[in-house]
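**Q** Just passing along the structure, written as structure tokens.
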Amino acid sequence: WPFLVLLAAFLLGNEVFRRYHARLVFASLLFFFALYSYAVFVVPVFTKSIGVVMFIASGVLAVALFFLFLGLLKILGRARYRQSRWKLIGGALAIATAMNIFYFTGILPPLPLALADAGVYQAIRHTGTVYVAQAETEPWTARLGLTQPALHVAPGQKLVLYSAVFAPIKMTTRITHRWQWWDVRTKHWNTQSVVSFEISGGREHGYRGYSVKSNPRPGGWRVNIDAEDGRLIGRVAFAVASVANPVETTTRTLQ
């Protein structure tokens, strides 16, 4: 949400700053923000990798291009540029600082990766070009996201986390399924299982894969789907309840 707040601030500023000098500063900083955001997305696309090094390289590229832009402003209107120079530099520094804070605190989305689909199922198998899952029937409140889905697990049963993660064509990276259980006593999420595997980009509906957790204990669960650099791509939260016998499931085809 902090990233969305920043976007909203720029949208509001577009209506507020109408005088020339304020408009020049605002439009230039908006350009720098757009340039920085685009660099964060496009550099990993061309280098086919993500991580801290690629993020820093994106920032360096954005800053270099912005200073070339400031040089053009200086040539075209030296006097007007001087009046706004320090506001431009200070604003650009603030944006670059915010983007780095967003990245290293996990606020910035793990571009260019995106979660296309994810879910927890009783069983899953790969048949031809599709995955076929056995899903427990959910109440309408869970389907709408109003309540947390509950999965009923019999002794010896497993749960399967399925994910489809979109990545640009020709990009190969690793993602991690991190299974975590909520410890009511300590009030902390405890990692119970970690499964990592490579994905390849280019598929419209995302690269598909799954991980399995045997004999999950009752209580609250979540599975974090993390990028190679540790940023969160998506999360699936659910509850587990123990039952004596397996419950009925329906067949669901996953594209």
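The values are calculated or read from the model by the stated rules, or taken from the named source; none is laboratory data. Since the model is a prediction, treat every value here as computed from it, not as a measurement. Neighbour counts are summed over all protein chains in view; Cβ atoms, including those assigned to glycine, are modelled from backbone coordinates with ideal geometry. Calculation scope for accessible area: heavy atoms of the full protein, side chains included, ligands and nucleic acids excluded. Shrake-Rupley method; radii C 1.70, N 1.55, O 1.52, S 1.80 Å.
**Q** Along the stretch 127-136, what does the Karplus equation 6.51 cos²θ - 1.76 cosθ + 1.60 (θ = phi - 60°) give for ³J(HN,Hα), rounded to whole Hz, x for Gly and Pro?
**A** Once θ is set to phi - 60°, the couplings for the stretch 127-136 become 10, x, 9, 10, 9, 10, 10, 9, 10, 7 Hz.
**Q** In nm, to one decimal, how far is the modelled label at Val132 from the one at Asn190, with both set 7 Å along Cα→Cβ?
**A** Using points 7 Å along Cα→Cβ, the separation is 3.8 nm.
**Q** Then there is this: List the lysines whose Cα lies under 27 Å from the Cα of Lys158, skipping any in the same chain that are fewer than 8 positions away.
**A** Straight-distance partners of Lys158: Lys187, Lys213.
**Q** Report the gain in length on full extension from Arg23 to Arg125: 0.36 nm times residue separation, minus Cα-Cα distance, nm rounded to one decimal. Please report the intermediate quantities before stating the final value.
**A** Values: separation 102, 0.36 × 102 = 36.72 nm, distance 5.74 nm.
Between Arg23 and Arg125, full extension yields an extra 31.0 nm.
**Q** Say a site is exposed when it is one of the GluC sites (Glu not before Pro), sits in a DSSP loop, and has at most 10 other Cβ atoms within 10 Å; what is then the longest site-free stretch of the chain?
**A** With GluC sites (Glu not before Pro) excluded where exposed in loops, the chain gives 1-203 as its longest stretch.
**Q** Which three semi-axes in whole Å describe the equivalent ellipsoid of the stretch 1-106, each the square root of 5 times a Cα gyration tensor eigenvalue, listed largest first?
**A** So the three semi-axes of the stretch 1-106 are 26, 17, 10 Å.
**Q** Taking 0.36 nm per residue of separation and subtracting the Cα-Cα distance, what length does fully extending Asn245 through Asn14 add?
**A** Extra length available between Asn245 and Asn14 comes to 77.1 nm.
**Q** Quick query: amide H of His152 versus all other amide H atoms, modeled in the peptide plane; which residues come in under 5 Å with a sequence gap of 5 or more or a different chain?
**A** Ala241
**Q** Roughly speaking, to the nearest percent, how much of the stretch 30-183's 1.4 Å accessible area is carbon and sulfur?
**A** Result for the stretch 30-183: 68 percent of the exposed heavy-atom area is carbon or sulfur.
**Q** Counting only Cα, what are the radius of gyration and maximum Cα-Cα distance Dmax of the chain, in Å?
**A** Using the Cα atoms of the chain, the pair Rg, Dmax is 23.4, 80 Å.
**Q** Straight-line reach from Lys87: which lysines have a Cα under 18 Å away, not including same-chain ones fewer than 8 places off?
**A** Reachable lysines: Lys74.
**Q** Send over a whole-number figure in Å² for the accessible area per residue of the stretch 53-101, probe 1.4 Å.
**A** That works out to 63 Å² for each residue.
**Q** Continuing with the same structure: Can you pull a Stokes-Einstein diffusion coefficient for the stretch 178-245 at 10 °C (1.306 mPa s), Rh from Kirkwood over Cα pairs, as a whole number of µm²/s?
**A** 115 µm²/s
**Q** Rounded to the nearest 0.05, what FRET efficiency do Ile56 and Trp86 give with R0 = 30 Å and r taken as the Cβ-Cβ distance? Could you check?
**A** 0.75
**Q** Just tell me which lysines come within less than 19 Å, Cα to Cα, of Lys170; anything on the same chain fewer than 8 places away is out.
**A** Lys48
**Q** Over the stretch 116-199, with the other protein chains present, what is the accessible area per residue in square angstrom, probe 1.4 angstrom?
**A** Here the residues of the stretch 116-199 average 53 Å² of exposed surface.
**Q** Distances longer than 14 Å among the Cα atoms of the stretch 31-73: what percent of all pairs is that?
**A** Looking at the stretch 31-73, the distances longer than 14 Å represent 44 percent of pairs.
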